[in-house]
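To start, the structure itself, in structure tokens.
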Amino acid sequence: MKIKLYHDVHDFPRAEVETPHKVLGWFLEQDVQSSISWCRELIELIEHIESGRESHWEGTGNAHTLILTGNGVRIENEYVDPPQSCALSLHAFKRAVKEWLKFIQEAHRQPIGSSLDI
């Protein structure tokens, strides 16, 4: 899965993700936004699921419902018609959140952004 991270002309952080995982990009932009604390909390939740300390976590944010289980992650957009969602592994989701965290923490913004494979 490829993710392109960049800042738009209004300096908003953006995440373009290839189909069938484009909902992941929407989730990062619309629900996580520039929240460093939410990124850290998500990483901690994932680690609790990975270690078996928790078996399930579910929450709805600004526009998406996030479901974490030992079997993976499901992100459901609550406001598009027809409904759209994506499923991915805990590992891929954790990598995406870590990269988003790193991206939003960067003090120096490069106009061309970055691209990565997860």
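Where a number appears in this text, it was derived from the coordinates with a stated rule and is not lab data. Not measured: the values here are computed from a predicted model. Positions of Cβ are backbone-derived with ideal geometry, glycine not excepted, and every protein chain shown enters the neighbour counts.
Key figures
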| quantity | calculated |
| --- | --- |
| Choice from Lys22, Lys102, Lys94 showing the highest fluctuation, given a GNM over the chain with Cα pairs closer than 10 Å | Lys102 |
| Highest-MSF residue in the chain out of Arg95, Arg14, Arg53 [GNM, Cα springs under 10 Å] | Arg53 |
| Rough spin-label spacing in nm, given labels placed 7 Å along Cα→Cβ, for Ala63 and Ser89 | 2.8 |
| Within a Gaussian network of the chain (alpha carbon springs, distance under 10 Å), most fluctuating of Ser55, Ser89, Ser35 | Ser55 |
| Percentage, to the nearest whole number, of Cα pairs in the chain over 19 Å apart | 43 |
| Electrostatic dipole magnitude of region 2-117 [Cβ: Lys, Arg +1; Asp, Glu -1; Cα centre; debye, to 20] | 340 |
